[in-house]
């Protein structure tokens with residue numbers, strides 16, 4: 001008997017240049033005329049919201065803006081935005097920005113209809129009441145939060161970074177406008193782009209992959225590999241920006257069911273303790289995780305090597321698969337990511353603690369090669385120097 005698969009996708013995808021001009025229309029389709037926009041200071045100051053605000057004004061949609069989302073979203077930010085939500089009696093939430101803003105918006109929507117604090121709903125499937133309608137508008141091509149059923153939240157004082165999960169917090173609508181990504185700085189484009197590539201890569205080789213998600217993973221890698229260098233070095237290349245946004249979206253559609261691996265297992269503890277941006281952690285860790293995984297997913301990594309333009313004819317399977325690792329290292333270097341964990345303040349004597357925390361991640365079980373804490377320590381040691 002063949003294996004049974006489930007692929008669920010409740011989010012409406014509205015993609016294309018100028019899509020943000022239709023924000024009011026999408027708000028009203030969800031039955032609201034009063035919204036809270038959740039974003040960060042960078043997006044707020046950049047003028048990216050202008051198109052969205054003009055649409056809301058033209059559509060007679062009342063709105064207020066919470067613009068203090070932190071790079072690593074915290075429960076305090078959720079509490080502050082929820083206070084604004086209730087003061088204004090808003091009936092929908094729009095998250096505009098990167099993963100932090102969209103995740104905060106999801107959590108605000110949860111707390112708009114549920115009692116207590118956001119930490120009461122950690123884990124998957126613990127949300128009691130349906131959240132308020134959510135519209136997600138990504139301004140970076142990376143996290144894929146616009147179509148995922150997780151929302152990160154943290155506590156800086158306790159170095160805690162955890163997630164609220166459930167099909168209920170998948171946005172009702174994702175508005176994907178590549179024009180909103182044109183002003184993203186090169187270093188942010190690079191890190192978020194590698195995050196998206198890591199989503200595609202890890203879901204492709206995951207033990208939990210399935211025919212639908214595997215095809216999405218492969219297509220996402222192809223799009224990102226072809227566009228990331230141009231997007232990071234020529235930020236005004238709208239074609240590259242469009243391919244990156246589509247690649248990030250498709251990668252998220254893949255890992256939502258296909259799961260991830262050891263790079264993402266490291267992301268939570270390293271992000272919480274050292275404040276390393278999520279995409280940067282994944283960019284640093286990915287080549288070394290791939291190297292560790294080669295024996296367990298050799299054929300898959302050969303396909304990755306070929307997709308990345310490597311010549312594998314005449315090589316042994318392991319030699320051919322290893323070409324994928326070198327190709328990803330070159331991709332990192334070409335977009336300016338040469339740092340290692342040491343550059344972010346990580347000390348070798350702290351790696352055991354990091355590995356132990358990483359080992360608590362559910363991504364351990366979907367990684368193609370089984371591992372022990374000791375294996376994670378060795379992977380992290382290799383990631384200390386970076387590519388210099």
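At a glance:
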item: Count of region 295-325 residues which are within 24 Å of the chain's Cα centre (by Cα) and surrounded by fewer than 20 Cβ atoms within 10 Å (Cβ to Cβ); result: 3
item: Residue within region 141-151 that is out of contact with any helix residue (DSSP H, G or I) (no Cβ under 7 Å at 6 or more places or on another chain) and surrounded by fewer than 24 Cβ atoms within 10 Å (Cβ to Cβ) present; result: yes
item: Of residues in region 119-136 being over 20 Å from the mean Cα position of the chain (by Cα) and outside any loop (DSSP other than H, G, I, E, B), the one surrounded by the most Cβ atoms within 10 Å (Cβ to Cβ); result: 121
item: Qualifying residue in region 175-191 (condition: at negative phi, touching a strand residue (DSSP E or B) at 6+ places or on another chain (Cβ under 6 Å) and either at pLDDT below 95 or not in a helix (DSSP H, G or I) (or both)); result: yes
item: Any hit, region 98-118, residues being surrounded by fewer than 24 Cβ atoms within 10 Å (Cβ to Cβ), under 18 Å from the mean Cα position of the chain (by Cα) and part of a loop (DSSP other than H, G, I, E, B); result: no
item: Residue within region 35-49 that is assigned to a helix (DSSP H, G or I), under 18 Å from residue 109 (Cα atoms) and touching a residue at least 24 places away in the same chain (Cβ under 8 Å) present; result: no
item: Flag if residue 36 is in contact with a strand residue (DSSP E or B) (Cβ under 6 Å, 6 or more places away or on another chain) and within 25 Å of residue 255 (Cα to Cα); result: no
item: Looking only at region 50-75, and only at residues there that are in contact (Cβ under 8 Å) with a residue 40 or more places away in the chain and within 15 Å of residue 24 (Cβ to Cβ), the one that is surrounded by the most Cβ atoms within 10 Å (Cβ to Cβ); result: 52
item: Those residues of region 266-308 which are without any contact (Cβ under 8 Å) to a residue 40 or more places away in the chain and either more than 18 Å from residue 359 (Cβ to Cβ) or not assigned by TED's automatic domain parsing to the domain that holds residue 337 (or both), in sequence order; result: 294, 298, 299, 302, 305, 306
item: Filtered residues of region 359-388 (kept if over 25 Å from residue 187 (Cβ atoms) and within 23 Å of the chain's Cα centre (by Cα)); result: 359, 360, 361, 362, 363, 364, 365, 366, 367, 368, 369, 376
item: Test: residue in region 213-226 that is farther than 23 Å from residue 284 by Cα, in a loop (DSSP other than H, G, I, E, B) and over 17 Å from the mean Cα position of the chain (by Cα); result: no
item: Residue, nearest to residue 388 (Cα to Cα), within region 319-369, restricted to residues that are free of Cβ contacts under 8 Å to residues at least 12 places away in the same chain and not in a helix (DSSP H, G or I); result: 347
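Here is a yes/no grid of residues against (1) under 25 Å from residue 116 (Cβ atoms); (2) out of contact with any strand residue (DSSP E or B) (no Cβ under 9 Å at 6 or more places or on another chain); (3) modelled with pLDDT of 95 or more:
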residue: 135; (1), (2), (3): yes, no, yes
residue: 140; (1), (2), (3): no, no, yes
residue: 158; (1), (2), (3): yes, yes, no
residue: 168; (1), (2), (3): yes, yes, yes
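The values are calculated or read from the model by the stated rules, or taken from the named source; none is laboratory data. Source: prediction; values computed, not measured. Heads up, the Cβs are rebuilt from the backbone with ideal geometry, glycines too, and the neighbour counts pull from every protein chain shown.
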